[in-house]
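So the structure is just underneath, and the comments pick up after that.
Any read-out appearing in this document is the output of simple, stated calculations on the displayed coordinates, not a laboratory observation. These figures come from a predicted structure and were not determined experimentally. Methodologically, a virtual Cβ is constructed for each residue, glycine included, from the backbone with ideal geometry; neighbour enumeration extends over all protein chains shown.
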Amino acid sequence: MYHINRHIEETGELFSDGSHIIYVNGKYKGDDEVGRLIRDFHQSKAEKIENKALADGVKHFKETKGGRKLMCEAVEKYAQEVAEEREKKAEKRGEKRGEKRGISRGEILKIIKITVKKVQKGYTMEAVAEDLEESVDTLRPIYEAVEKAAPDYDAEKIYESLDK
């Protein structure tokens with residue numbers, strides 16, 4: 001068991017904010033109060049838990065309709081928070097990749113508009129890629145999106161379709 005106390009780095013004084021942090025090794029198997037509590041934490045069935053308060057809580061959240069509903073809501077909220085966090089991280093990674101490649105939104109829109117003009121004139125993907133000094137693999141998603149956008153060829157809509 002480890003008791004954690006906060007302190008002010010510059011003065012070394014204890015920072016008494018009312019919080020009490022205690023870390024306990026979950027593998028501890030002692031036959032004392034802490035060991036019994038850890039064993040209780042490892043139980044999945046309320047009837048096997050010695051600590052009455054913990055057993056009552058487990059029973060409520062696992063065996064009653066209201067408790068299960070609360071747990072489902074809590075898990076759903078947590079899952080939503082995790083999903084949002086991952087989405088933000090993925091967006092940041094995507095932005096960094098875009099910045100790394102040096103292709104800004106404006107540059108992509110310019111390539112789209114040029115590709116539209118070339119497609120309207122009957123240019124092949126290879127010819128457009130050569131004119132733009134881009135590889136066919138780089139141009140392919142843009143070229144295909146431009147073809148799908150016919151006959152409107154709205155550059156903004158084409159750009160948005162690339163994001164999906």
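Take the alpha carbon gyration tensor of the stretch 1-107, find the square roots of its eigenvalues, order them as a ≥ b ≥ c, and report rounded if a/c is under 1.5; if not, report prolate when a/b exceeds b/c, else oblate. The shape class here is oblate. The Cβ shell under 14 Å around MET71 holds other residues with a net charge of +3, Lys and Arg each +1, Asp and Glu each -1.
A Cβ-based charge dipole, computed about the Cα centre of the stretch 40-89 with Lys and Arg at +1 and Asp and Glu at -1, lands at about 140 debye. Neighbour counts of C-beta atoms inside 10 Å place ILE21, ILE142 in the sequence ILE21, ILE142, starting with the fewest. Only one residue of ILE111, ILE38, VAL136 has its Cα farthest out toward the positive end of the dipole of the chain, where Lys and Arg carry +1 and Asp and Glu -1 on Cβ, and that residue is ILE38.
Listed by chain and number, the lysines placed with their C-alpha closer than 19 angstrom to that of LYS69 are LYS45, LYS59, LYS77; residues fewer than eight positions away on the same chain are left out.
Checked against a 32 Å cut-off, the cross-linked pairs LYS27/LYS96; LYS89/LYS110; LYS88/LYS117; LYS88/LYS113; LYS92/LYS113; LYS89/LYS117 give Cα-Cα distances beyond that limit for LYS27/LYS96; LYS88/LYS117; LYS89/LYS117.
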